[in-house]
Amino acid sequence: MSAAPAIPPTLSRDGMAAALLNDEERTRIRAKSAQFAPPTAALPDGRRDLVGLSREELTDIMVEIGEKPFRTKQLWHWIYHQGVTDFSRMSSIARPLQEKLAERFIVGRPGVVTEQTSQDSTRKFLFRFRDGQEAETVYIPDRQEDRGAVCISSQVGCTLSCTFCHTGTQALVRNLGAAEIVGQFMAARDSYGEWPSPKGETPRLLSTIVLMGMGEPLYNYDNVAKAMRIIMDGEGIGLSRRRITLSTSGVVPMMDQCGAELGINLAVSLHAVRDDLRDEIVPLNRKYPIREVIAACRRYPAASNARRITFEYIMLRDINDSEADARELVRLISGIPAKVNLIPFNPWPGSSYRPSTREQLERFAKIVMDAGFASPIRMPRGRDILAACGQLRTESQRLRRAAREDAATDTVE
Ligand code: SF4
């Protein structure tokens, strides 16, 4: 991981203090994140997964086994451009080296536990990783065109406990590693047969990535950043930074870092315009309040009229959906190149929230739109397979628990 961006010498004293504080905060966040590290890339038989390694790491490994550094380029092409997982299919590599590689390494994928396709063509994958932990990934096809977004998870569980989010009721188990994050995208591409990676302007079915699945990606920044660098590499998958959006609840110090180092698009889960309310529904707000989150959006380097920041806003009836809320939202984000995604709440058992009425949603959207911000009402996708926002993983866990309980009852009887 490269160091935090240097503090520009032109900063005011306040700005300098804030930057130093952010450096300290980043160190603290990283140390905490390291406590939830993913398992090693080694298999029980000693072989090592090549997926998820940076080019430099791959080169080091080739040199370690007595091969020339140019093997990295060859392997990179086969793994990330061609999508090949079997060394014997890497035809530009001589047979003896193929065998040598197969003895020592694998080109891994997460295991597919279930793959469900919704009536609206949304496809949800439940992936299992080598230590048995699982995460979900969702492919959401565009309704009009042959392209779509892959929604990727960054952690197993989540620490943030946003009160409207069913996914957030699952405690954080661990971070996903770079191989597991890249692996979700590669396994989804396997399912659609989209190999080799389309080049340049050639249309892609799996055309964008949204880091909006389970977890807070900026609490697993190092692994997420490594995975995104692999995915953006032009000699492999080659997905442009413009086609990747990271969604955060507002981990301010890491927003700066993400903007400086990756330059990918940013989405912010805002959901409330007053600190007292946001403290309650997005508890991270107690640490990074609205003012700081919005300030970080204003300085986000990748934001422009062509690449707007997305503000996610879940519409909760009589909680955050008044016209005064809409006007305050417009005031807060004024001057930021932004759009506002209005998300109808998906009720789940045990939640006290109700979805806003259609009329209220439309009134809210109109105020935001009249102020010059696009404000699409995001229709829930994949509801029949529980792939909609905030539903990930909970149902598969519930079913598994029920199955285990059934099995236990059977045993007792
Ligand atoms: S909304 Fe995102 S950050 Fe908040 S609890 Fe759910 S998964 Fe975690």
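Proximity of backbone amide H atoms, modeled 1.01 Å from N, is registered between residue 269 and 248, 249, 250, 312 at under 5 Å, excluding neighbours fewer than 5 places apart on the same chain.
Residues of the chain: accessible area per residue at 1.4 Å, in Å²? Walk me through the numbers before you get to the answer.
Details: 18820 Å² over 413 residues.
Result: 46 Å² per residue.
Taking Cβ atoms as reference points and 14 Å as the exclusive limit, the residues near residue 283 contribute a net charge of -2, counting Lys and Arg as +1 and Asp and Glu as -1.
The distance from the alpha carbon centre of region 361-376 to that of region 76-128 is 44 Å, rounded to a whole number.
Considering all C-alpha pairs of region 52-106, those separated by over 20 Å amount to 11%. Placing pseudo-labels 7 Å out from each Cα toward the beta carbon at residue 374 and residue 163 gives an inter-label distance of 3.2 nm. Among the listed pairs 73/226; 124/287; 68/226; 32/226, which have their C-alpha atoms separated by more than 28 angstrom in this model? Beyond 28 Å: 124/287.
Rounded to the nearest 500 deg cm²/dmol, what is the calculated helix-only ellipticity per residue at 222 nm for the chain, with -39500 (n - 2.57) per DSSP H run of length n ≥ 4? Spell out each step's value before the answer.
Numbers: 12 runs with 144 residues, N = 413.
Counting only the DSSP helices, I get -11000 deg cm²/dmol.
Percent of accessible area on the chain owned by carbon and sulfur, 1.4 Å probe?
51
If you run the Gaussian network model on the chain, springs between alpha carbon atoms under 10 Å, then out of 293, 224, 113 the most flexible one is 113.
I'd like the distance between the alpha-carbon centres of region 132-180 and region 279-313, rounded to an integer number of Å. Comparing the Cα centres of region 132-180 and region 279-313, I get a distance of 20 Å. The ellipsoid equivalent to the alpha-carbon distribution of region 137-279 has semi-axes of 27, 16, 15 angstrom, derived from the gyration tensor eigenvalues as √(5λ) and listed largest first. Between amide H atoms placed 1.01 Å from N, distances below 5 Å from residue 106 occur with 48, 49, 50, all of them 5 or more places distant or on a separate chain. Sites listed here are trypsin sites (Lys or Arg not before Pro) in region 153-202 whose DSSP assignment is loop and whose Cβ has at most 15 other Cβ atoms within 10 Å: 199. Within straight cross-link reach of residue 339, meaning Cα distance under 23 Å, which lysines are found once same-chain residues fewer than 8 apart are removed? By straight Cα distance, residue 339 reaches 366.
Under Stokes-Einstein, with the Kirkwood radius over Cα pairs as Rh, the value for region 111-385 at 4 °C and 1.567 mPa s is 68 µm²/s.
Protein-only accessible surface at a 1.4 angstrom probe places the residues 80, 353 in the order 353, 80, largest first.
3J(HN,Hα) along region 193-210, derived from phi through the Karplus expression 6.51 cos²θ - 1.76 cosθ + 1.60 where θ = phi - 60°, amounts to x, 8, 10, x, 4, x, 9, x, 8, 4, x, 10, 6, 8, 9, 9, 10, 10 Hz, with x in place of Gly and Pro.
Between residue 64 and residue 32, take the C-beta separation as r, use R0 = 22 Å, and let me know the FRET efficiency to the nearest 0.05.
Working: r = 32 Å, r/R0 = 1.45.
In this case the efficiency is close to 0.10.
Estimated at 0.36 nm per residue, the fully extended path between residue 195 and residue 280 surpasses their Cα-Cα distance by 26.1 nm. Taking amide H as placed 1.01 Å from N in the peptide plane, the amide H of residue 315 sits under 5 Å from that of 343, 345, each at least 5 places away or on another chain.
Sorted by mean Cβ packing within 10 Å, highest first, what order do the peptides 150-158, 255-263 take? Please report the intermediate quantities before stating the final value.
Working: 150-158: 25.8, 255-263: 20.3.
Answer by packing, highest mean first, reads 150-158, 255-263.
The values are calculated or read from the model by the stated rules, or taken from the named source; none is laboratory data. Owing to the predicted nature of the structure, the values given are computational and were not obtained by experimental measurement. For neighbour counting, all protein chains shown are included, and Cβ atoms are generated from backbone atoms with ideal geometry for every residue, glycine included. These area figures cover heavy atoms from the full protein model, side chains too; ligands, DNA and RNA do not enter into them. Shrake-Rupley method; radii C 1.70, N 1.55, O 1.52, S 1.80 Å.
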